[in-house]
1. Mind checking whether some residue in region 109-129 is among the hydrophobic types (A, V, I, L, M, F, W, C), out of contact with any strand residue (DSSP E or B) (no Cβ under 6 Å at 6 or more places or on another chain) and free of Cβ contacts under 8 Å to residues at least 40 places away in the same chain?
2. Name every residue in region 96-106 that is under 19 Å from Thr213 (Cβ atoms) and hydrophobic (A, V, I, L, M, F, W, C), in order of residue number.
3. Please go through region 237-266 and give me each residue that is closer than 20 Å to Leu133 by Cα and buried (at least 17 other Cβ atoms within 10 Å of the Cβ), ordered by number.
4. Checking the conditions here, which among Asn119, Asn99, Asn151 is of a type in the set (S, T, N, Q), closer than 21 Å to Ser257 by Cβ and more than 16 Å from the chain's Cα centre (by Cα)?
5. When you scan region 48-56, do you find a residue that is free of Cβ contacts under 8 Å to residues at least 24 places away in the same chain, in contact with a helix residue (DSSP H, G or I) (Cβ under 9 Å, 6 or more places away or on another chain) and not acidic (Asp, Glu), even just one?
6. Which residues, counting only those in region 241-285, are small (Gly, Ala, Ser) and either more than 15 Å from Met145 (Cβ to Cβ) or touching a strand residue (DSSP E or B) at 6+ places or on another chain (Cβ under 9 Å) (or both)?
7. If Leu162 satisfies all but one of (1) touching a Phe, Trp or Tyr at 6+ places or on another chain (Cβ under 9 Å); (2) surrounded by fewer than 17 Cβ atoms within 10 Å (Cβ to Cβ), what's the number of the condition it fails?
8. Return the residue satisfying two criteria in turn: it lies in region 203-219 and is free of Cβ contacts under 8 Å to residues at least 40 places away in the same chain and either among the polar types (S, T, N, Q) or surrounded by 11 or more Cβ atoms within 10 Å (Cβ to Cβ) (or both), and of such residues it is nearest to Phe105 (Cα to Cα).
Amino acid sequence: MKNLPTDLLRTFVTINQLGGFTQAGEVLGRSQPAVSLQVKRLEELLGVKLFDRGQGLQLTEEGQMLMSCARKMLELNDALVSRLGSPKVSGSVRLGIPNDFEVSFLATTLGRFSQSYPNVTLDVSSDISANLLHDYKKGAYDLVMAIEESNQPHPRLTDFILDPLVWVRSSNLMLEPGAPLPLILYPKGCLYRKSIINALTQANLPWRIVYSTSSLLGIHAAIKAGLGISVLAKSTVPDDLEHSPEYAPCPALGSVSVGFCYNGNELNAASRMLLDYLRNALHRL
């Protein structure tokens, strides 16, 4: 029986996530030829081709099957290593997270963290970023993950990534030419809402708000129902919704910074462990 080395699987998954051998090598600390060699070794072990190099590194049918299993195998490996190899940490952490990262990112990430560190108690709240950062200043959280404009002269967030903003809609949405654009928005104070309204106003495009809610699931449901269009960070868009940086006649909106707000001098051991865990997960997006 053949054994599949986890380092080969990790390289394979990283290439697919980042869309290239060179990008994967930069993250994994390997040269591009070394990454190519690892893929070749994995293909030789399995006797199949994993990437269709003539189609922009699209996965073959066998590659798609391996990808699904490889992710689960790596999650089990990482959870076991964290559980057995990490120092025993206990304590509690008050964490604030943006609404739109509840489903796509942090639900699974926090689940894996809890399995790896069962003695850490998490007190997690979600809200729009403006409220999270305001409440953090008042002492409501130990650690906050938040979103802010990417061109801030004095950014409040550290360890951030840039996430493109995209227009999100249902495939069955039909816009009437010349009519005000129907918008689905988070409440006032949301960065997405501000970006949408500013961009449409500057472009002299008429708009109207058809639905407003602080619930991510409510935003998704309204979009799927074809009530209108919205804007989200690309990494948070579910697979069953269409999205693009530009959507005629809507202009491009640029990117936002997604990162963390905390005081390193005030973090306990559990908070530091959670921060490292979330930071690594964020930079794998």
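1. Yes, region 109-129 contains a residue that is among the hydrophobic types (A, V, I, L, M, F, W, C), out of contact with any strand residue (DSSP E or B) (no Cβ under 6 Å at 6 or more places or on another chain) and free of Cβ contacts under 8 Å to residues at least 40 places away in the same chain.
2. If the condition is that a residue be under 19 Å from Thr213 (Cβ atoms) and hydrophobic (A, V, I, L, M, F, W, C), then Ile97, Phe101, Val103 are the ones that fit.
3. The first filter runs over region 237-266 and keeps only residues closer than 20 Å to Leu133 by Cα, leaving 255-266.
Passing the criteria: Ser255, Val256, Ser257, Val258, Gly259, Phe260, Cys261, Tyr262.
4. Numbers: Asn119 fails: closer than 21 Å to Ser257 by Cβ; Asn99 fails: more than 16 Å from the chain's Cα centre (by Cα).
That would be Asn151, the only listed residue that is of a type in the set (S, T, N, Q), closer than 21 Å to Ser257 by Cβ and more than 16 Å from the chain's Cα centre (by Cα).
5. yes
6. First, the residues of region 241-285 that are small (Gly, Ala, Ser): 244, 248, 252, 254-255, 257, 259, 264, 269-271, 281.
Of everything in region 241-285, those that are small (Gly, Ala, Ser) and either more than 15 Å from Met145 (Cβ to Cβ) or touching a strand residue (DSSP E or B) at 6+ places or on another chain (Cβ under 9 Å) (or both) turn out to be Ser244, Ala248, Ala252, Gly254, Ser255, Ser257, Gly259, Gly264, Ala269, Ala270, Ser271.
7. Result: Leu162 passes all but (1).
8. First, the residues of region 203-219 that are free of Cβ contacts under 8 Å to residues at least 40 places away in the same chain: 204, 206-213, 218.
Pick out the ones that are also either among the polar types (S, T, N, Q) or surrounded by 11 or more Cβ atoms within 10 Å (Cβ to Cβ) (or both) and you get 204, 207, 209-213, 218.
Working: Asn204: 35, Trp207: 31, Ile209: 28, Val210: 27, Tyr211: 24, Ser212: 23, Thr213: 20, Gly218: 18 Å.
Only one residue fits best here, namely Gly218.
The values are calculated or read from the model by the stated rules, or taken from the named source; none is laboratory data. Model, not experiment: these values are computed from the prediction. Methodologically, a virtual Cβ is constructed for each residue, glycine included, from the backbone with ideal geometry; neighbour enumeration extends over all protein chains shown.
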